[in-house]
Amino acid sequence: MDMIEPLWTFAADIKVRVLILIVLAQMVLAVRLYSEMARQRFRAVKEGRVDKNVYKATQNEPEDVAVYSRVVTNQFEAPVLFFALIAMGFALNVTSWLTVVLALIFVILRWVHAAEMTGAHDVLRRRRIFLRSFQVLIVMMLEFAISAMLWA
């Protein structure tokens, strides 16, 4: 047990700061995507491709605009579990350097997933990226559970 303890205790203040930056990077992604969705919607209305009343219930958007609605929705699915894990880890003081590495990988994959969805949009590639990010999230859950049992 003494051999793995540094995962939790080494440079704890730096670990927390790095983890906060990683969480902020996920938040920045959501804000960036919201902004782009609003810009795309405004442009579609301005160009006359869609009537502004479509947005009363957000139905029948042009496909190139609807993809932004979907990518924003994606930021409130798996990332909600990510935020909960980080918050619980902080609350119980059981975040480790493994948490930091996994969080970084998760957020990078979320950025790549969003870029794929709003860019080339190769569905099979996007699916692989999503599955990898979800696998990382599952490992984070297991790491949290083990850390909570050992250190809380």
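The table below gives the values:
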item	result
Options Met88, Met27; residue that is surrounded by 12 or more Cβ atoms within 10 Å (Cβ to Cβ), hydrophobic (A, V, I, L, M, F, W, C) and more than 16 Å from the chain's Cα centre (by Cα)	Met88
Qualifying helices (runs of 4 or more DSSP H) (wholly inside the range 78-152; at least 1 residues being over 18 Å from Ile22 (Cα atoms), basic (Lys, Arg) and modelled with pLDDT of 95 or more)	123-151
So Val54, is it crowded, with 16+ Cβ neighbours inside 10 Å, aliphatic (A, V, I, L, M) and in a helix (DSSP H, G or I)	yes
Any hit, the range 31-50, residues being more than 30 Å from Phe106 (Cα to Cα), small (Gly, Ala, Ser), part of a helix (DSSP H, G or I) and touching a residue at least 12 places away in the same chain (Cβ under 8 Å)	yes
Selection from the range 112-125 of residues that are buried (at least 18 other Cβ atoms within 10 Å of the Cβ) and of a type outside the set (D, E, K, R)	His113, Ala114, Met117
Failed item in (1) surrounded by 13 or more Cβ atoms within 10 Å (Cβ to Cβ); (2) under 18 Å from the mean Cα position of the chain (by Cα); (3) not in a helix (DSSP H, G or I), with Glu61 passing the rest	(2)
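The values are calculated or read from the model by the stated rules, or taken from the named source; none is laboratory data. What you see is a predicted model, and the numbers here were worked out from it, not measured in a lab. With ideal geometry, Cβ positions are generated from the backbone for all residues, glycine too; neighbour counts draw on all protein chains shown.
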